[in-house]
Amino acid sequence: MSQKKTDIAKICIVTPEYPPDQWGGLALTVERAACHIRDMGMEVHVAHFTITDDPLLLLDEGRQDDIIDGIIVHRLSVGKEDLSGRPLTIWDCPHTRTFKMMYQSLELLHDAESFDLFHSFFLYPLGYITGLLARKAGRPSIVTIVGNDVKKYIFSPEKVAMCRSGLENADRVVALSRDLLDTADALTQVKDKGRVIFNSVEIPAESWKTRDKNRVCRIGCAGIFKYAKGLPYLFKAIARLRRQHDIVLELTGTLRASEEQTYKTMLEKTGIEDILLFSPAIPHDRITEWLSGLDAFVLPSVSEGCPNILMEAMAFGLPCVAARVGAVEDLMEDGVSGLIVPWGNSHAVAHALERLIMLPDKGLSISAAARERMKEFSGERERKALEKLYSELLFGKKV
């Protein structure tokens, strides 16, 4: 779709999520990075992978190209090998063909476009696959680790080797929090080539306004709900709070299929179904509207990277309670711009929320401080960090 220009660096971003197909935190982080790199004057390609159940999908059938806001997006679909109906042997693995097709699809794209640098997001499996291809092709590569890729998959025996290889093959490792970089370095030494680049957020023109204290207190949480998001701890906290306060819990997002049984069991165990409102994921341009109807936002996660939704809530000025995970301590000053609680501790979540309910003036001071704090995490700061990184790898100089 494009003609090579010798004076313009050609970048390939590799990701499992990208808008408008997804609007989760990873998709938003990748989109911002792509826009920053485009604004540096580089030609940006996004290789967005999806996995289908089709065992007969061929390499010349799984690619669709588009141009979105000056960024060339390649939607690459790969299939799965059908191992049903026959005995498995030691040579069989349900993922081998899928991963090989990912590698081959990326290799074909590189053969056609001749990229100058690869930048993958999420270590497993695309960080591994991208690092392997970049090393073979003699191109520099970056892998950005965002959360579960090192907080979950390094504990899986069949995935840890790919995670380690992805880290080792990359010329630079970008982490969305110091904690993620420390964890990756515990697996294999990467700190000498590691960088921490926090997400950025825009400060909306409107800000949160306190609601009538005599109304029901509305507490919100949003995201792709999976184990890492810590919903069971929030459910226990809400069950504890409702004994003395008139509250409602609003959830918006997507519930992972693997968590449906835990979700149902915890609802039955805590008895909060009558005060729970669950709505499908809200379009990103309506997040502020949803936040405006809340009295507090909670991030009860047991692991995180740099949570976009928390940053958006703080930028809006909504009082927030967040577990001490990922980049939270860099984003939030405990007791000033938010309330930080130990992760995996429902009693601490309940106590912090009760402080906001009982001390409305505290919520107001947190609101103002949170908006001010988020000004430090501007898009310009994020862009400069990426520009420095790219200059090191492409031009051998530090900016």
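The values are calculated or read from the model by the stated rules, or taken from the named source; none is laboratory data. Everything numeric in this text was worked out from a predicted model, so none of it was measured. A quick note on method: Cβ atoms are made from the backbone with ideal geometry, for glycine too, and the neighbour counts reach across all protein chains shown. The area values use the complete protein model at the heavy-atom level, side chains included, leaving out ligands, DNA and RNA. Shrake-Rupley method; radii C 1.70, N 1.55, O 1.52, S 1.80 Å.
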* Complete set of residues in region 105-118 that are within 17 Å of HIS48 (Cβ to Cβ) and assigned to a helix (DSSP H, G or I) -> SER105, LEU106, GLU107, LEU108, LEU109, HIS110, ALA112, GLU113
* Residue list for region 225-240, restricted to those being open to solvent by 90 Å² or more (accessible area, probe 1.4 Å) and modelled with pLDDT of 95 or more -> LYS236, ARG240
* Asked: Which of the residues spanning region 327-339 are open to solvent by 20 Å² or more (accessible area, probe 1.4 Å), outside any helix (DSSP H, G or I) and in contact with a strand residue (DSSP E or B) (Cβ under 8 Å, 6 or more places away or on another chain)?
  -> ASP334
* Structure fact -> Cβ pairs under 7 Å, 6+ apart or interchain, first in region 263-285 and closer than 21 Å to ALA228 by Cβ, second in a helix (DSSP H, G or I) and of a type outside the set (A, V, I, L, M, F, W, C), ordered by first then second residue, are MET266/PRO232; LEU267/GLU273; THR270/LYS236
* Structure fact -> Of MET374, MET332, MET314, the only residue that is over 30 Å from ARG240 (Cα atoms) and either of a type in the set (Gly, Ala, Ser) or modelled with pLDDT of 95 or more (or both) is MET374
* **First in region 20-44 and open to solvent by 30 Å² or more (accessible area, probe 1.4 Å), second anywhere and of a type in the set (Phe, Trp, Tyr) and in a loop (DSSP other than H, G, I, E, B), Cβ under 8 Å, 6 or more apart** => GLU31/TYR18
* To do: Looking for whichever is over 22 Å from the mean Cα position of the chain (by Cα), part of a helix (DSSP H, G or I) and not basic (Lys, Arg) here; the options are ALA315, ALA348. Which one fits?
  => ALA348
* Selection count, region 241-274, where residues are over 28 Å from the mean Cα position of the chain (by Cα), buried (at least 18 other Cβ atoms within 10 Å of the Cβ) and assigned to a helix (DSSP H, G or I) -> 2
* Structure fact -> VAL298 passes all but one of the listed conditions (1) surrounded by fewer than 24 Cβ atoms within 10 Å (Cβ to Cβ); (2) in contact with a helix residue (DSSP H, G or I) (Cβ under 8 Å, 6 or more places away or on another chain); (3) in contact (Cβ under 8 Å) with a residue 60 or more places away in the chain; (4) more than 15 Å from VAL146 (Cβ to Cβ); the exception is number (1)
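Residues are listed down the side, and each one gets a yes or a no for (1) more than 23 Å from the chain's Cα centre (by Cα); (2) of a type outside the set (Gly, Ala, Ser):
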site: TYR18; (1), (2): no, yes
site: GLY25; (1), (2): no, no
site: PHE49; (1), (2): no, yes
site: MET101; (1), (2): yes, yes
site: LEU106; (1), (2): no, yes
site: SER114; (1), (2): yes, no
* For region 172-193, name all the residues that are assigned to a helix (DSSP H, G or I) and either acidic (Asp, Glu) or open to solvent by 50 Å² or more (accessible area, probe 1.4 Å) (or both). => ARG178, ASP179, ASP182, ASP185, ALA186, LYS191, ASP192
* Structure fact -> Reported set for region 156-182 where residues are over 18 Å from THR29 (Cβ atoms) and touching a residue at least 12 places away in the same chain (Cβ under 8 Å) is LYS159, VAL160, MET162, CYS163, ARG164, SER165, LEU167, GLU168, ASN169, ASP171
* To do: For region 202-218, indicate whether the set of residues that are within 17 Å of ALA27 (Cβ to Cβ) and surrounded by fewer than 22 Cβ atoms within 10 Å (Cβ to Cβ) is non-empty.
  => yes
* Asked: Based on what the data block shows, is ILE67 assigned to a strand (DSSP E or B), in contact (Cβ under 8 Å) with a residue 60 or more places away in the chain, β-branched (Val, Ile, Thr) and open to solvent by 70 Å² or more (accessible area, probe 1.4 Å)?
  -> yes
* To do: Can you give me the number of residues within region 119-152 that are in a helix (DSSP H, G or I) and open to solvent by less than 50 Å² (accessible area, probe 1.4 Å)?
  => 14
* To do: Name the residue, out of ARG373, ARG286, ARG381, ARG355, that is farther than 24 Å from PRO204 by Cβ, of a type in the set (D, E, K, R) and open to solvent by 10 Å² or more (accessible area, probe 1.4 Å).
  => ARG355
* Can you work out which of the residues in region 194-224 that are of a type in the set (Val, Ile, Thr) and either under 28 Å from ARG32 (Cα atoms) or not in a strand (DSSP E or B) (or both) is modelled with the lowest pLDDT? => THR210
